[in-house]
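See structure below.
Please treat every number below as a calculation from the coordinates, not as lab data. Because the structure is a prediction, the values reported are computed rather than measured. Using ideal geometry, Cβ is built from the backbone for each residue, glycine included, and neighbour counts are taken over all protein chains shown.
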């Protein structure tokens with residue numbers, strides 16, 4: 001995928017926990033969410049959980065590394081829907097070989113989250 005192919009909406013399609021075979025998809029997931037990446041370096045993340053909708057936004061940068069394209073998202077305010085190992089108003093995502101976007105939150109016992117365009 002080229003550097004412009006990731007603009008637009010990415011929707012959460014699967015969620016997995018630290019327990020093997022604990023993947024859930026679609027309506028069975030704990031929450032529904034999506035990212036919208038804009039061409040001007042800004043993004044919005046929206047989550048609906050228990051009928052409560054939350055949207056937050058910020059800026060992002062991308063870096064091409066040997067194992068793929070990494071996204072660093074920086075939020076303007078702290079919020080419970082930021083999925084991060086660091087708690088510093090940042091999230092990291094990476095583009096996988098099958099053109100899905102994955103969260104690095106799973107590296108530190110967070111859920112494994114996979115998004116598709």
Simple spin-label estimate for residue 77 and residue 24 in nanometres, 7 Å along Cα-Cβ: 2.8
All-pairs Cα distance distribution in the chain, expressed in whole percent, bin size 5 Å: 2, 11, 22, 27, 22, 12, 4, 0, 0
Ranked list, fewest to most other Cβ atoms within 10 Å of each Cβ, for 107, 94: 107, 94
Rh by Kirkwood over Cα pairs, then Stokes-Einstein D for region 6-54 at 1.306 mPa s and 10 °C, µm²/s: 131
Length added when fully stretched, residue 98-residue 13, from 0.36 nm per residue minus Cα-Cα: 29.2 nm
Mean projected area in nm² (Cα convex hull; one quarter of hull surface) for region 32-94: 4.7
GNM flexibility winner over the chain from 66, 55, 22 (Cα, springs under 10 Å): 66
Which of 85, 108 has the fewest Cβ neighbours within 10 Å, and the rest in rising order: 108, 85
Packing-based exposure ordering (other Cβ within 10 Å, fewest first) of 116, 53: 53, 116
